[in-house]
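> If you scroll down you'll find the structure; I have some questions about it.
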Amino acid sequence: MKLNLANGLTLLRIAAIPIVVLCFYSPLDYARPIAGVLFGVAAVTDMIDGWVARRFGQTSRFGEFLDPVADKLMVAIVLVMLVQAQASWFEDVIAMIIIGREITISALREWMATIGERANVKVDITGKVKTTLQMFGIGFMVWKVPIYGIPVYTIGFVLLVLAAVMTIWSMIVYLRAAWPFILSGEPVDRA
């Protein structure tokens with residue numbers, strides 16, 4: 001594996017996770033806003049690394065593997081922290097929807113790749129909108145502290161609810177694309 005800028009940005013996103021966690025739980029003043037900023041910076045690297053890889057010919061199998069792993073780790077870990085910090089069943093349900101969808105679609109993509117049909121479940125605009133809403137929503141919820149009276153956590157929560165709706169919608173889109181292959185009746189080698 002050759003380390004390039006695109007893969008370096010993805011690795012930076014993974015390295016940011018424990019720092020976000022430490023800041024989130026820190027008793028220091030402004031720890032949550034710092035964690036929110038770090039989460040936001042890490043989220044931005046998700047957009048940048050793909051662009052860098054395509055623009056500068058740095059696409060690689062390692063990057064294709066690592067990028068979605070970094071995204072899912074970051075989102076799942078921070079959602080679990082938010083659920084733990086906020087005693088509300090609604091945040092729990094949203095986290096379950098988002099994490100459940102990520103597991104489902106990852107498994108679907110893996111299975112579609114094994115039958116040579118991965119292109120039928122590639123990322124589309126619904127997935128990108130979902131990710132954008134999710135990253136802003138989570139980042140604002142991590143920040144938590146109002147800014148000049150603006151309820152940052154509430155705005156983040158609304159964005160995360162919209163992300164959950166898009167999460168369900170995008171999962172339906174991917175499952176509809178894969179459904180003919182799921183029902184094809186082809187024998188499966190379970191070895």
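Where a number appears in this text, it was derived from the coordinates with a stated rule and is not lab data. Since we're looking at a predicted model, the values are computed, not measured. No Cβ is skipped: glycine too gets one built from the backbone with ideal geometry, and neighbour counts run over all protein chains shown.
> Aspartates and glutamates within cross-link reach of LYS144: Cα-Cα under 16 Å, excluding same-chain residues under 8 positions apart?
Of all the aspartates and glutamates, those that pass the test against LYS144 - Cα under 16 Å, at least 8 places apart if same chain - are ASP29, GLU91.
> On to the next question. What does the C-alpha gyration tensor say about the overall shape of the stretch 62-109? Classify as rounded when a/c is under 1.5, otherwise prolate if a/b is larger than b/c, or oblate. Write out the running numbers ahead of the final one.
On the way: a/c = 5.50, a/b = 1.86, b/c = 2.95.
Taking the square roots of the gyration eigenvalues as a ≥ b ≥ c, the stretch 62-109 is oblate.
> Now a separate question. Would you look at the GNM of the chain, springs on alpha carbons closer than 10 Å, and say which of SER88, SER170, SER106 moves the most?
SER88
> Once Cα extents along the principal axes in Å is worked out from the coordinates, which option in [x] 58, 41, 30; [y] 55, 28, 28; [z] 51, 47, 28 does it equal?
Identified label for the calculated read-out: [x].
> Also: Tally Lys/Arg at +1 and Asp/Glu at -1 over every other residue whose Cβ is under 13 Å from the Cβ of THR154; what's the total?
0
> Right, another one. Multiply the residue gap between SER184 and ALA76 by 0.36 nm, knock off their C-alpha separation, and tell me the result in nm, one decimal place.
35.6 nm
> Quick one: what are the phi-derived ³J(HN,Hα) couplings along the stretch 157-166, Karplus 6.51/-1.76/1.60 with θ = phi - 60°, whole Hz, x for glycine and proline?
Values per residue, Gly and Pro as x: 4, 4, 4, 6, 4, 4, 5, 5, 5, 5 Hz.
> Can you sort TRP179, TRP111 so the residue with the fewest Cβ neighbours within 10 Å comes first?
Lowest to highest Cβ neighbour count: TRP179, TRP111.
> Using only helices, what value at 222 nm comes out for the chain when you add -39,500 (n - 2.57) per DSSP H run of length 4 or more and divide by the total residues, to the nearest 500 deg cm²/dmol? All intermediate terms of the calculation are to be shown ahead of the outcome.
On the way: 6 runs with 147 residues, N = 191.
Calculated at 222 nm, the ellipticity per residue is -27000 deg cm²/dmol.
> Just to be sure I understand the model, the point goes 7 Å from the Cα along the line to the Cβ. What's the resulting VAL41 to THR59 distance in nm?
Simple spin-label model gives 3.0 nm for this pair.
> Ordered by residue, what ³J(HN,Hα) values in Hz, to whole numbers, does the stretch 140-146 give under the Karplus form 6.51 cos²θ - 1.76 cosθ + 1.60, where θ = phi - 60° and Gly and Pro are x?
Calculated HN-Hα couplings, in order: 5, 5, 5, 4, 6, 5, x Hz.
> Roughly how many nanometres apart are two label points built 7 Å out from the Cα toward the Cβ at ILE168 and SER88?
Simple spin-label model gives 1.8 nm for this pair.
> Tell me which of ALA70, THR59, VAL20 sits at the most positive position along the dipole axis of the stretch 11-81, charges placed on C-beta atoms (Lys, Arg +1; Asp, Glu -1).
Ranked along the dipole, the leading option is THR59.
> Distance in nm between label sites at TRP111 and THR126, each 7 Å beyond Cα in the beta-carbon direction?
Going from the TRP111 label point to the THR126 one covers 1.7 nm.
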